[in-house]
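Here's the structure we're looking at; comments come further down.
Taken together, the values in this text are just the output of simple stated rules run on the coordinates, not laboratory data. Quick caveat, the model's predicted, so the values are computed rather than measured. Note: ideal-geometry Cβ built from the backbone for every residue, glycine included; neighbour counts use all protein chains shown.
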Amino acid sequence: MLSVGASTCLTPLVLVDVFGLEKLSNALGFNLLFAGVGAIAGPPFAGLSDDVFVFLKGTLCVCLGYHTLSTKKPDNVQHKFSYD
């Protein structure tokens with residue numbers, strides 16, 4: 001819930017920086033319009049993609065797990081904190 005509050009507080013500030021104070025009401029209106037379209041269209045699209053790509057779930061999990069385990073940690077990582 002913390003991210004929702006931060007997003008709600010920062011949206012008008014960012015829109016004023018991008019579009020200016022004169023266009024703030026129009027920018028907020030379009031922002032809410034597209035947020036509503038995303039809220040309406042998002043869940044059906046997610047369900048459709050789940051139904052269509054159900055056969056890829058296991059394959060993707062195995063491939064991504066193998067990729068994650070096979071990558072080496074870089075040797076030149078500098079640690080900021082010392083626990084000595």
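Just a few scattered comments:
- Within segment 58-72, being within 23 Å of the chain's Cα centre (by Cα) and of a type in the set (S, T, N, Q) holds for one residue alone: Thr68.
- Residues (of a type in the set (Val, Ile, Thr) and closer than 30 Å to Thr11 by Cβ) located in segment 34-77: Val37, Ile40
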